[in-house]
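Take a look at the structure below.
The values are calculated or read from the model by the stated rules, or taken from the named source; none is laboratory data. Bear in mind the structure is a predicted one, so any value in this text is a computation, not a measurement. All Cβ positions, even for glycine, are placed from backbone atoms using ideal geometry, and neighbour counts span all protein chains on display. When the accessible area is computed, the model is the full protein with side chains, heavy atoms only, and any ligands, DNA or RNA have been set aside. Shrake-Rupley method; radii C 1.70, N 1.55, O 1.52, S 1.80 Å.
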Amino acid sequence: MRLSTAVERFLAAVQLEYGYSEHTVRAYQRDLAWFVSFAAASDRDDLASCDIELMREWLWQRQQQGLAATTIARNVATLKSFGVWLERSRLVPGNPASRLRAPKAGRDLPRVLADEQMRRLLARVEARATVEHPESLRDHAVFELLYAAALRVSELCTLPLSGVDAEARTVRVLGKGGKERVVPYGGPAARAVDSYATLARPALLARAAQSQRAAPPPSDHGALFVGSRGGRLTPNAVYRMVARELGEETGGGPRGPHTFRHTAATHLLNGGADLRVVQEMLGHSSLASTQVYTHVSTERLAQSYRQAHPRA
């Protein structure tokens, strides 16, 4: 069997059988396309040639191209998943990637907004929210919920209207790996979401239907947040609106929706929340994923110490 054929079967399996996210499948597809191209260029596009030496040669070439350690680590993870599948499918006698090791990389601290920055940003968005402009009410609800519930952008965009419990002030979201969790949110987010759901969402759907000269979708796709054409609000649209607002605030680093998730987690820990509670809220399967936010808090403490202590 050709290596490229095995890769196609692997990608179909992780998407259709294992239910991996679109983001993960795209990353696998991209990495393995490069790997297959490398194998073909050296006349080794057959499964029998797919061994640890071929993989190591490809990873070495990637390193020589100056790629970041995080990228190489992702390449290794892709090859390991592919190797496990090859062995389980009995296409090879063993996992050719079992002895691969990812390079160690320093972990960058995520961008986090200060309390005052977040209050200022949310106040700015709220001041623009009016019934006459339903998108502004929607955007206000998006910002409040991203921060209040520390949601991933994919979780926000796929959140169904039925997933909001206004009385309990919770949202039921579907996270990575198809894991469902219930996350609380506070009063400001509750008011913003209620205003959007009762006033702006119906207006957006009605306007979209009128422009298309068609009947409104039957409770349409059921998504809480909708775009100007009546469909689900897309992650790209959320990225754009968040980037605009974060551009108004000082500080470097990413300007995407994940900044709100990082900020919420850090503010919770700074406020005394238990690490495992924050882990549950974020939907992290491993506590190690959550502990990066304790590093953020420690770094900020150290920075304040260096600036303020006379003997620092």
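Assorted remarks:
- Residue 111 long-range amide H proximity, modeled H, under 5 Å: none
- Once both labels are positioned 7 Å from their Cα atoms along Cα-to-Cβ, the gap between residue 119 and residue 250 label points is 1.7 nm.
- Percent carbon-and-sulfur accessible area, the chain, ignoring ligands, DNA and RNA, probe 1.4 Å: 51
- A Förster radius of 25 Å combined with the Cβ-Cβ distance from residue 168 to residue 274 puts the calculated FRET efficiency at roughly 0.75.
- Förster-model FRET efficiency, 30 Å R0, residue 56 and residue 12, C-beta, rounded to 0.05: 0.65
- Rg and Dmax of the chain, both derived from C-alpha coordinates alone, stand at 23.2, 71 Å.
- Among 47, 193, 227 the positive-end extreme of the charge dipole of the chain (Cβ point charges): 47
- Put a dot 7 Å past the Cα of residue 84, heading toward its Cβ, do the same for residue 133, and the two dots end up 4.8 nm apart.
- Calculated accessible area for the range 220-266 comes out at 44 Å² per residue, all protein chains present (probe 1.4 Å; ligands, DNA, RNA ignored).
- Backbone phi angles across the range 164-170, fed through the Karplus curve with coefficients 6.51, -1.76 and 1.60 (θ = phi - 60°), yield HN-Hα couplings of 9, 9, 5, 5, 7, 6, 9 Hz in residue order; Gly and Pro are listed as x.
- Among the protein heavy atoms, those of residue 181 account for about 20 Å² of accessible surface (1.4 Å probe, every chain in place).
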